[in-house]
Amino acid sequence: MGRYRLGDIIRMTRKSLSITQEQLCSDICSVETLSRIETGRQNPSKDVYELLMERMGRIRERAYSMLSVSDFQVLEKTRKFEECIYVYDYHRAEYILEEIEKKLGGTNLDKQFLLRARSLVNYRLGRISTEEFLEELIKAIRITIPNYGKISLANWPLTYNETVLILNISTAYSENNDYQNGIRILQEVYSALKQSYIDEEHRILMQISIIQNMSKWYGLLGKYEKAIETALEGIEICKRFKIGNALPILLYNYVWNKEKLIEKGVLSPENKRECINYLIQAYYIASAMQQSYMEEFIRSHITMYYGVAYTLQYII
């Protein structure tokens with residue numbers, strides 16, 4: 001994750017809220033002092049920093065957590081936890097989470113991560129409902145963004161953890177069949193990523209994750225052309241930055257929406273050949289990336305829509 005001076009964080013947050021230096025520093029410090037802080041010519045005192053961030057509705061721990069790594073082993077375990085979630089290995093994720101819980105302290109950032117992680121595992125293992133899952137996620141995001149739900153996040157500088165959490169919130173809406181709300185949230189986050197605290201590598205991965213979901217949800221709303229356009233955007237980003245693990249889902253989303261247009265007579269049946277070719281590509285990329293779930297999912301789709309002959313000829 002990127003490293004930022006406290007002045008950078010103050011400046012980015014202030015600009016995201018469209019407030020002037022004068023408005024921010026009134027009764028806290030002089031405009032000249034704030035200017036020097038924002039440009040890195042002066043470090044803020046602890047009291048001044050906390051007052052400035054409090055005025056902007058932020059918390060101190062949020063910024064400091066991005067500036068240094070206190071325990072590499074904990075960070076490594078959180079990375080493995082996210083990997084398990086990505087490949088649907090929720091029981092393994094729960095085991096790793098129990099290890100993380102033994103190490104984390106009691107800061108707001110720790111509480112936010114644990115609340116999100118525990119509710120995510122419980123939801124995926126069928127222990128809580130979608131509504132309960134959404135309620136827990138919103139409670140977690142309000143630890144660092146108290147006014148969440150009352151303000152637009154389109155120009156808000158988000159941290160990596162906040163972005164992941166809000167993506168989970170959008171997913172919860174979609175799994176409650178509220179795709180419009182899910183897409184609205186993703187559009188806000190996509191815009192916020194332009195001025196987030198996240199480094200370029202993580203930002204690109206987040207953008208791809210957003211595009212994956214939007215290309216699916218547009219299709220489920222019957223906006224097939226928009227879904228195809230969105231999936232192609234994600235495919236191009238993956239090719240440009242050589243990110244293979246996201247391609248199977250994006251290729252599948254592209255195909256699924258094309259198949260819907262073929263079914264409706266908008267596209268000719270000749271487009272089925274392209275669909276099959278994309279599905280075969282998706283299958284072999286999933287195999288190379290050891291995504292067994294996607295392998296089986298794509299294999300079943302080819303068999304269902306195009307017959308056993310294609311499955312036998314190309315992927316067995």
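The values are calculated or read from the model by the stated rules, or taken from the named source; none is laboratory data. The structure displayed is predicted, hence computed values, not measured ones. Quick reminder, even Gly has a Cβ in these numbers, built from the backbone with ideal geometry, and neighbours come from all protein chains shown. In case anyone asks, the SASA skips ligands and DNA or RNA and just uses the protein heavy atoms, side chains included. Shrake-Rupley method; radii C 1.70, N 1.55, O 1.52, S 1.80 Å.
Side notes on the structure shown:
- In degrees, nearest ten, helix 247-263 long axis to first principal axis of the chain (Cα): 50 degrees
- Contour minus Cα-Cα distance for Ser35 and Arg92 (0.36 nm per residue): 15.7 nm
- In terms of packing, defined here as the mean over residues of other Cβ atoms within 10 angstrom, the peptides 97-104, 137-144 line up highest first as 137-144, 97-104.
- Peptides 16-25, 171-180, 205-214, ordered by how many other C-beta atoms sit within 10 Å of their residues on average, highest first, read 205-214, 171-180, 16-25.
- Take the Cα of Gln73, step 7 Å toward its Cβ, do the same at Gln23, and the gap between the two points is 4.7 nm.
- Virtual spin-label span in nm between Asn176 and Glu54, 7 Å along Cα→Cβ: 3.3 nm
- Net charge of neighbours whose Cβ lies under 13 Å from the Cβ of Ser287, counting Lys and Arg as +1 and Asp and Glu as -1: -1
- The chain, helix-only ellipticity at 222 nm - DSSP H runs n ≥ 4, -39,500 (n - 2.57), divided by all residues, nearest 500: -22500 deg cm²/dmol
- In degrees, nearest ten, helix 108-124 long axis to first principal axis of the chain (Cα): 20 degrees
- Region 215-275 - convex hull of alpha carbons, volume per residue in Å³: 70 Å³
- The chain: angle of helix 72-86 to the longest principal axis, Cα-based, in degrees nearest 10: 30 degrees
- Here the Gaussian network model covers the chain, with springs between Cα atoms less than 10 Å apart; of Leu109, Leu165, Leu220, Leu220 fluctuates the most.
- In the context of the full set of protein chains, residues of the chain present 50 Å² of accessible surface per residue (probe radius 1.4 Å, heavy atoms only).
- Placing dummy labels 7 Å off each Cα toward the beta-carbon, the span from Ile243 to Tyr284 is 2.4 nm.
- Averaging the sequence gap over all C-alpha pairs within less than 8 Å and six or more residues apart, then dividing by the number of residues, gives the chain a relative contact order of 11 percent.
- Accessible area of the chain belonging to carbon and sulfur atoms, whole % at 1.4 Å probe: 49 percent
- Each of (1) 21.6; (2) 20.7; (3) 22.3 is a candidate for Kirkwood radius over Cα pairs in Å; the one calculated from this structure is (1).
- Residue-normalised convex hull volume from the C-alpha trace of region 179-221: 49 Å³ per residue.
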